[in-house]
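A quick write-up on the structure given underneath.
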Amino acid sequence: MNRSDLMTFFLLKIKNFAKANPERNIDWRFVYSQLIRFNLPNNEDMASLSELWPKITYLVKSEDDRKTYSWQNGSFLVFDRGNLTGNEIKIYVPMDRKSISQNVALLEKFMREYNISHQLKVAKIVRNDDVVIRVNTLEEAQALINFIKENIPATERIKANPFLANYDDIGLAMDNNHSFNTELSNLIADYITSLKQKKRLDQVSLNDFRIFIFQQQKELARNAKTGNQLDLLDIYRLLGFTTTDEFSLANFYQFASEKQIDKYTAKRERIVNPEYYLEQAIQETAKKYPQNCAQAIKEYIQGNPMYFTNNNRAREGLIKYVKPESVKAIMNNKLQANGYFNSNNLDELINNYLNILYQENSYALQYGIIKQAYLSTYEKYGYGQAHGALYNLFFYGGIMNFTNSSGYRSLLAEKVYGHNIAEIFHYNLAIKDINDDIELLKMVEAEFNAGLKR
């Protein structure tokens, strides 16, 4: 099977388990446990490596190497040498139990001789990421890959996880302070769970999963502010590439090169996402001068940004990241994503765009208020009261069963009362085809309950 077949096979494996065990919660830990064991030879599955750690340590440090430090974190034996930059290339070289000791020593010797700063980890069991190496540069990664291909036979290696960038069964990724496999497991768990809730598990496919990744990437790009979130966004971007048939080692090198340049020039302090900055400028302007938004867009297209407010530095972000000539394309893309046709009439284009934007923000705000009111009521009075309050709101528009702790009932009265609750729920859950009100309410309640403090 090729990589696409293997990825599809794994997704279907998780889907089939979810269908056969409807009461079981499919969380990232379950997916992770299946992912690291995927495609292992039967005689290697779960074979112990921790009992080999003393031998591996002896072989690595037998030449009185005082610059390589070894330590254990419970799950891995770790060797550190030199300094890593925090934006490393991650190389997965899973190996079988029989040959792992001498091959790890061989890799360490090569990196020591060529003075390659690195971290090498050996897992405590055989898995498809039982040897992972981090190095600083693409040149070092390429030298190491060449050395592996020439000196460690394919018969002594295990196939890496197919969702990684793969090169002759050697896996490649960049994940900074995150774990690529953990974040992949999170995405798969969320994907399967969302389809399970919608009763659409038979929809599972690699292409559908890729669309799900893109949706998550888009949402994160809209809201990410911290370095941690930016690193997570890069994992989503990389997965968007690696889940396609056309992805190659050259593509990975291009991705990694851009990411490393981006990191070192400090451009990653902000996401260059023009749609986000345009919407931010409109939202901030709408808070102060709602009647000015359409005119502000027109003026900006002509090169005049001054109709936009600079609250929260919104105008500065707009000027820096949004080219005036790109605004029409951004608006038309938004219209297309919401089922509209492109418009050449500027007034019509702006009005439709603003209507969608206001509706999106309104629904998101209203959903957040309902959720917080529900959680506050649950934490103060228990499930019965919270369930009854949500039921009453959904079917009768009533709000008095909610607690007014933190003023949430007052916010319900101001922002939610009198609106179509089903539309708010449909929009925020991205569900269009659930006509059973009870089923919709159950799904909303399940999503709310996931936010309870445990």
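The values are calculated or read from the model by the stated rules, or taken from the named source; none is laboratory data. Note that the structure is predicted; figures quoted are calculated from it, not measured. Heads up, the Cβs are rebuilt from the backbone with ideal geometry, glycines too, and the neighbour counts pull from every protein chain shown.
Annotations for the structure displayed:
- Residue count for segment 307-328, restricted to those that are basic (Lys, Arg) and farther than 24 Å from Ser343 by Cβ: 3.
- Ser343 hydroxyl-bearing (Ser, Thr, Tyr) and more than 31 Å from the chain's Cα centre (by Cα): yes
- The listed residue being in contact with a helix residue (DSSP H, G or I) (Cβ under 7 Å, 6 or more places away or on another chain) and free of Cβ contacts under 8 Å to residues at least 60 places away in the same chain, out of Leu59, Leu35: Leu59
- Hits in segment 30-50 - residues which are assigned to a helix (DSSP H, G or I) and polar (S, T, N, Q): Ser33, Gln34, Ser50
- Val416 vs. criteria at pLDDT below 85 and surrounded by 14 or more Cβ atoms within 10 Å (Cβ to Cβ): yes
- Checked against the criterion of being assigned to a loop (DSSP other than H, G, I, E, B), buried (at least 18 other Cβ atoms within 10 Å of the Cβ) and touching a Lys or Arg at 6+ places or on another chain (Cβ under 6 Å), segment 12-29 has no qualifying residue.
- Any hit, segment 361-384, residues being within 28 Å of the chain's Cα centre (by Cα), hydrophobic (A, V, I, L, M, F, W, C) and within 17 Å of Pro274 (Cβ to Cβ): no
- Unmet requirement for Trp53, which otherwise passes all of (1) at pLDDT 80 or above; (2) within 28 Å of Ala105 (Cα to Cα); (3) assigned to a loop (DSSP other than H, G, I, E, B): (3)
- Sub-6 Å Cβ pairs linking a first residue in segment 372-391 that is farther than 20 Å from Asp437 by Cβ to a second residue that is aliphatic (A, V, I, L, M), at least 6 apart or interchain, are Thr377/Ala386; Thr377/Ala389; Tyr378/Ala386, ordered by first then second residue.
- Which numbered condition Ser70 fails, given (1) exposed (fewer than 15 other Cβ atoms within 10 Å of the Cβ); (2) free of Cβ contacts under 8 Å to residues at least 40 places away in the same chain: (1)
- Residue satisfying condition, being under 19 Å from Lys90 (Cβ atoms), outside the structural domain of Asp437 (by TED's automatic domain parsing) and not in a strand (DSSP E or B), within set Asn228, Asn207: Asn228
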